[in-house]
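Novice: Mind having a look at this structure? Questions to follow.
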Amino acid sequence: MIDLMADCLQGLRVVDLTRNLPGPFATRLLADLGAEIIKIEPLNGDPARAFGELFKALNHGKTTESHDFSDPQGIAAIKAHLTNADVMLDSFRPGVLEGMGLDATTLHAINPKLVVVSITGYGLASSDSKIDINHDWADKAGHDINFMAMSGVLDQLKTADGEQAMPNVQFADLAGGSDTAVIALLAAVFAAQRTGKGRHVAVSMTHSLYQHMVMPKATGTLVKSFSGQQPAPHHDFLGGLLPCYRLYKTSDERYMAVGSLELKFWQGLCEVLDLSALKNSHWQLGFMPNTSESQAAAKVISDKFASQTLEHWQQVFALADVCVTPVLSLSEAKAHPLFAHQDAYDATSGWQQVQ
């Protein structure tokens, strides 16, 4: 059995006022590490309850209470939990906490070490932040698709024909919201334990996603240096331009993912495919992706993969250590030995304790 490190955050007390996906997934991660989560819902419940199994997957093992957020008695019940809590997590728009009497200034008067983390869509404007940030987006509503769109991430998810793809994974909610919130939260708790002072941190899902665009920002500049123009997403360095790093369609309309970025992996790939003549057609040897040699190599590799089925190539590359894998469906991934240790909620931790 894999140790889920459930003892790491024992004693950490988190009051969770969030709903839907970003906040509850963040506190799910904390709960998996041993934190005590007190989930407080409005009287009409978390909207995620309508999704049944999703709500269970996000909120099992948490202590749940319902209170009227517009009633002073409900707010008093929340404050009672916060007197000895380490963290309060919310996902309201800026100003809502203050209107309920749950703003950081009020809460620090009763618990100076409390860390307040607010997951927002677009961050705070300069009037609410110590940083000089000027925009009029702080109060705007949005969901994952909007945050992805505004950060530039959604535009990166295009097909080889340049068509816009509609993602079925909530990157803004989970990477920009949940994961970033957990990092900020734990950092702030660590500081509070050393200094005795809590703080209020606002996490912006849009800004976090924009920060995650570190590769397109850098590689786009690189491609422009030798092509003369800013590349479209599907013509970026790691967006499908390199023969050694792209998707190849099989004869049964499936895909193999080739990540043979380094020369040694590329040469191993060529050997497996019996295409030794291409072993030196690699960007590390000067064959940049805008050259005819590189484009010709991609065509040869593409034709090779298109000649056989996904199952065939899976067997061919099963013992080849060249960074080539099948593109699995969700059902195929769930049935794969990699995920044999998933729990009753089809979840696996992203960490494994080794020693």
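The values are calculated or read from the model by the stated rules, or taken from the named source; none is laboratory data. This one's a predicted model, so the numbers in the text were calculated from it and none came from an experiment. Note: ideal-geometry Cβ built from the backbone for every residue, glycine included; neighbour counts use all protein chains shown. Quick note on the areas: whole protein, heavy atoms, side chains included, nothing else; ligands and nucleic acids left out. Shrake-Rupley method; radii C 1.70, N 1.55, O 1.52, S 1.80 Å.
Novice: Would you pick out the residues in the stretch 172-200 that are within 15 Å of the chain's Cα centre (by Cα) and closer than 18 Å to Phe92 by Cα? Spell out the reasoning first.
Specialist: Taking the stretch 172-200 and keeping what is within 15 Å of the chain's Cα centre (by Cα), we get 172-184.
Answer for the stretch 172-200, where residues must be within 15 Å of the chain's Cα centre (by Cα) and closer than 18 Å to Phe92 by Cα: Ala172, Asp173, Leu174, Gly176, Gly177, Ser178, Asp179, Thr180, Ala181, Val182, Ala184.
Novice: Could I ask something else about it? Tell me the residue from Met88, Met100, Met148 that is open to solvent by less than 60 Å² (accessible area, probe 1.4 Å), of a type outside the set (Val, Ile, Thr) and under 30 Å from His234 (Cα atoms), please. Spell out how you get there, then give the answer.
Specialist: Details: Met88 fails: under 30 Å from His234 (Cα atoms); Met100 fails: under 30 Å from His234 (Cα atoms).
Sole residue among the options that is open to solvent by less than 60 Å² (accessible area, probe 1.4 Å), of a type outside the set (Val, Ile, Thr) and under 30 Å from His234 (Cα atoms): Met148.
Novice: Further question on the same structure: Those residues that are open to solvent by 80 Å² or more (accessible area, probe 1.4 Å) and farther than 20 Å from Ser178 by Cα, I need them from the stretch 332-352; list them, please.
Specialist: Result: Lys334, Ala335, Pro337, Leu338, Ala340, His341, Ala344.
Novice: Which residues, counting only those in the stretch 68-101, are under 22 Å from Gln193 (Cα atoms) and of a type outside the set (Gly, Ala, Ser)?
Specialist: Our first condition is that a residue be under 22 Å from Gln193 (Cα atoms); within the stretch 68-101, this holds for 79-90.
Correct list: Lys79, His81, Leu82, Thr83, Asn84, Asp86, Val87, Met88, Leu89, Asp90.
Novice: With respect to the numbered conditions (1) surrounded by fewer than 21 Cβ atoms within 10 Å (Cβ to Cβ); (2) over 30 Å from Ala347 (Cα atoms), which one is the sole condition not fulfilled by Leu107?
Specialist: Here Leu107 meets the rest and fails (1).
To keep it simple, each residue is scored yes or no on (1) closer than 30 Å to Gly228 by Cα; (2) not hydrophobic (A, V, I, L, M, F, W, C).
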{"residue": "Leu242", "(1), (2)": "yes, no"}
{"residue": "Leu273", "(1), (2)": "no, no"}
{"residue": "Trp313", "(1), (2)": "no, no"}
{"residue": "Thr325", "(1), (2)": "no, yes"}
{"residue": "His336", "(1), (2)": "no, yes"}
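Novice: Taking the stated definitions as given, is Val322 under 32 Å from the mean Cα position of the chain (by Cα) and in contact (Cβ under 8 Å) with a residue 60 or more places away in the chain?
Specialist: Working: under 32 Å from the mean Cα position of the chain (by Cα): yes; in contact (Cβ under 8 Å) with a residue 60 or more places away in the chain: yes.
Yes; evaluated as a whole, the condition is true for this residue.
Novice: Could you check how many residues of the stretch 227-285 are of a type in the set (S, T, N, Q), open to solvent by 40 Å² or more (accessible area, probe 1.4 Å) and either in contact with a Ser or Thr (Cβ under 9 Å, 6 or more places away or on another chain) or modelled with pLDDT under 90 (or both)?
Specialist: Taking the stretch 227-285 as the starting set, the residues that turn out to be of a type in the set (S, T, N, Q) are 227, 229-230, 250-251, 260, 267, 276, 280-281, 284.
Still in the running and open to solvent by 40 Å² or more (accessible area, probe 1.4 Å): 227, 229-230, 251, 267, 276, 280, 284.
Filter again for either in contact with a Ser or Thr (Cβ under 9 Å, 6 or more places away or on another chain) or modelled with pLDDT under 90 (or both), leaving 227, 229-230, 251, 267.
Summing the residues that are of a type in the set (S, T, N, Q), open to solvent by 40 Å² or more (accessible area, probe 1.4 Å) and either in contact with a Ser or Thr (Cβ under 9 Å, 6 or more places away or on another chain) or modelled with pLDDT under 90 (or both) in the stretch 227-285 gives 5.
Novice: So, in the stretch 85-122, exactly how many residues are aromatic (Phe, Trp, Tyr) and touching a Leu at 6+ places or on another chain (Cβ under 9 Å)?
Specialist: The number of residues fulfilling the criteria is 1.
Novice: Show me the helices (runs of 4 or more DSSP H) entirely contained within the stretch 281-355 in which 1 or more residues are in contact with a Lys or Arg (Cβ under 8 Å, 6 or more places away or on another chain). Break it down stepwise before answering.
Specialist: On the way: elements: 292-305, 310-317, 330-335.
Per the criteria, 292-305, 310-317.
Novice: Checking the structure you have, find out if any residue of the stretch 74-81 is open to solvent by 20 Å² or more (accessible area, probe 1.4 Å) and part of a loop (DSSP other than H, G, I, E, B). Quick ask: steps written out before the conclusion?
Specialist: In the first step, residues of the stretch 74-81 are kept if they are open to solvent by 20 Å² or more (accessible area, probe 1.4 Å); the result is 76-77, 79-81.
Next, from what is left, pick out any that are part of a loop (DSSP other than H, G, I, E, B): none.
No: the stretch 74-81 contains no residue that is open to solvent by 20 Å² or more (accessible area, probe 1.4 Å) and part of a loop (DSSP other than H, G, I, E, B).
Novice: Let me ask something additional. If a residue has to be within 18 Å of Asp86 (Cα to Cα) and touching a residue at least 60 places away in the same chain (Cβ under 8 Å) to count, how many in the stretch 179-192 make the cut?
Specialist: Residues that pass the stated criteria total 7.
Novice: Counting just the residues of the stretch 53-73 that are open to solvent by 40 Å² or more (accessible area, probe 1.4 Å) and assigned to a loop (DSSP other than H, G, I, E, B), which one comes out farthest from Pro24 (Cα to Cα)?
Specialist: Asp71
Novice: When residues of the stretch 151-172 are filtered for being open to solvent by 70 Å² or more (accessible area, probe 1.4 Å) and in contact with a Leu (Cβ under 7 Å, 6 or more places away or on another chain), how many remain?
Specialist: Number of matching residues: 1.
Novice: Let me ask you something else. Restricting to the stretch 274-302, and then to whatever is free of Cβ contacts under 8 Å to residues at least 40 places away in the same chain and aliphatic (A, V, I, L, M), can you tell me which residue is nearest to Thr219 (Cα to Cα)?
Specialist: Per the criteria, the residue is Leu285.
Novice: Given the residues Val169, Val203, which is the only one that is under 17 Å from the mean Cα position of the chain (by Cα) and without any contact (Cβ under 8 Å) to a residue 60 or more places away in the chain? Quick ask: steps written out before the conclusion?
Specialist: On the way: Val203 fails: without any contact (Cβ under 8 Å) to a residue 60 or more places away in the chain.
Step by step, each of Val169, Val203 is checked, and only Val169 is under 17 Å from the mean Cα position of the chain (by Cα) and without any contact (Cβ under 8 Å) to a residue 60 or more places away in the chain.
Novice: Could you say which residue among Ala31, Ala85 is assigned to a helix (DSSP H, G or I) and either within 27 Å of the chain's Cα centre (by Cα) or at pLDDT 95 or above (or both)? It would help to see each step written out before you state the result.
Specialist: Details: Ala85 fails: assigned to a helix (DSSP H, G or I).
Just a single option satisfies the conditions, and that option is Ala31.
Novice: Just need a number here: residues in the stretch 193-239 that are farther than 30 Å from Ile119 by Cα and part of a loop (DSSP other than H, G, I, E, B).
Specialist: 6
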